[in-house]
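**Student:** This structure is in structure tokens; I'll ask about it shortly.
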Amino acid sequence: GSGKTTTLIRRISRLVNDEHVSPSNIVAITFTVLAGDKLKYELSQVLKDRSAPSQMFVGTIHSFCFQLLVSERALPGESFEPITESQQFILFTKHWSAWEIQKVDPELRRTTLIERLISSIDIVKMNKINLSNLKKLHSEFLRVYELYNKYLAENGFIDYADMLIKTRDILLNDPNARNRCLQKYKYIFI
């Protein structure tokens, strides 16, 4: 209710309608898919070229990272698919017995433990926690962590944390990829 979307719409509209910036040079990052869809719709109502929003990237940071990874051919294998938090929850529920997940913390209820596993996996990945240290601290968690990552790799999935990490690594370590990104996206709105 503070006017964030209205401000984005006005700024993007000015760039496209008045300054004739190519819509393909614009990225607008939203917090949710729903917010992205709303922004696209509202832009289509104010831009002279109603198809301009379809030429921009408007969506979540994860979908932007995934698109960049695909365009840079940075995912191994033929095809990879993002795994959402809901799908992670289903995955851990499905493998509850086979992976002996309860051993991670026998005191917790299944739902609570799975939610904590998902959060903890993100923390380990995003903070690049040393796995040998993690093994000393919590070997059962590490065991499930490794089973989870093996499942993702074998079944062509990538989680949100890996999307962010791989995108960061490409932009930091591959000057050609970084230059392609900078040439394509001249205006970034968050």
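**Student:** Mind listing the long-range amide H neighbours of residue 129? Cut-off is under 5 Å, sequence gap 5 or more, other chains count too, H placed in the peptide plane at 1.01 Å from N.
**Tutor:** Here nothing satisfies the definition.
**Student:** Further, regarding this structure: Treating only the Cβ of Lys, Arg, Asp and Glu as charged (+1, +1, -1, -1), what charge dipole size does the chain show about its Cα centre? Round to the nearest 20 debye.
**Tutor:** Working: 26 positive and 21 negative charges, 100 e Å.
With only Lys, Arg, Asp and Glu charged at Cβ, the dipole is about 480 debye.
**Student:** Excluding residues on the same chain fewer than 8 positions from residue 125, give the aspartates and glutamates whose Cα lies under 18 Å from its Cα.
**Tutor:** 85, 115, 140, 146, 159, 162, 169
**Student:** Select from 83, 34, 175 the residue farthest towards the positive end of the dipole of the chain; place +1 on Cβ of Lys and Arg, -1 on Cβ of Asp and Glu, and compute about the Cα centre.
**Tutor:** Result: 175.
**Student:** Suppose we flag chymotrypsin sites (Phe, Trp or Tyr not before Pro) only when DSSP calls them loop and at most 15 other Cβ atoms lie within 10 Å. Which is the longest uninterrupted stretch of the chain?
**Tutor:** Details: sites that count: 31, 96.
Maximal segment without exposed cleavage sites: 97-190.
**Student:** Provide the per-residue ³J(HN,Hα) series for the stretch 172-189, in order, calculated from phi with Karplus coefficients 6.51, -1.76, 1.60 and θ = phi - 60°, each as a whole number of Hz, with x at glycine and proline positions.
**Tutor:** Couplings: 7, 9, 10, x, 5, 5, 4, 5, 4, 5, 5, 6, 6, 10, 9, 10, 10, 10 Hz.
**Student:** What full-extension length gain, to one decimal in nm, is calculated for residue 5 and residue 131 as 0.36 nm per residue of separation minus the Cα-Cα distance?
**Tutor:** On the way: separation 126, 0.36 × 126 = 45.36 nm, distance 4.14 nm.
So the extension gain works out to 41.2 nm.
**Student:** What list of ³J(HN,Hα) couplings, whole Hz, do you get for the stretch 100-116 from phi and the Karplus terms 6.51, -1.76, 1.60, once you set θ to phi - 60° and write x for glycine and proline?
**Tutor:** Working through the residues one at a time gives 6, 5, 4, 5, 4, 7, x, 7, 8, 5, 3, 4, 5, 5, 5, 4, 5 Hz.
**Student:** Enumerate the amide H contacts of residue 58 below 5 Å, restricted to partners 5 or more residues apart or on another chain; note that Pro and chain-start residues carry no placed amide H.
**Tutor:** 28
**Student:** With a cut-off of at most 16 other beta carbons within 10 Å, and DSSP calling the residue loop, which trypsin sites (Lys or Arg not before Pro) in the stretch 1-95 qualify? Please list them.
**Tutor:** Details: sites: 4, 10, 11, 14, 38, 40, 48, 50, 73, 94; in loops: 48, 50, 73.
Passing both the DSSP loop test and the Cβ count: 48, 50, 73.
**Student:** Whole Å is fine, so just give me how far the alpha carbon centre of the stretch 140-190 lies from that of the stretch 1-66.
**Tutor:** About 24 Å separates the Cα centre of the stretch 140-190 from the one of the stretch 1-66.
**Student:** Which trypsin sites (Lys or Arg not before Pro) does the stretch 134-188 hold that lie in a coil by DSSP with at most 16 other beta carbons within 10 Å?
**Tutor:** Loop-located and lightly packed - 186.
**Student:** From the phi of every residue in the stretch 65-76, what ³J(HN,Hα) in whole Hz does the Karplus formula 6.51 cos²θ - 1.76 cosθ + 1.60 yield, where θ is phi - 60° and glycine or proline is x?
**Tutor:** The phi angles translate into 4, 4, 4, 5, 4, 5, 5, 8, 6, 9, 9, x Hz.
**Student:** Please compute the per residue accessible area over the chain with all protein chains in place, 1.4 Å probe, rounded to a whole number of Å². All intermediate terms of the calculation are to be shown ahead of the outcome.
**Tutor:** Values: 11530 Å² over 190 residues.
Counting only protein heavy atoms, the per-residue value for the chain is 61 Å².
**Student:** Roll a 1.4 angstrom probe over the protein heavy atoms and tell me the percent of accessible area of the chain that is carbon or sulfur.
**Tutor:** Values: 6120 of 11530 Å².
About 53 percent, which is the carbon plus sulfur part of the accessible surface.
The values are calculated or read from the model by the stated rules, or taken from the named source; none is laboratory data. On a predicted model such as this, the values are computed, not experimentally measured, just so you know. Using ideal geometry, Cβ is built from the backbone for each residue, glycine included, and neighbour counts are taken over all protein chains shown. Heads up: the accessible areas ignore ligands, DNA and RNA and are worked out on the full protein's heavy atoms, side chains in. Shrake-Rupley method; radii C 1.70, N 1.55, O 1.52, S 1.80 Å.
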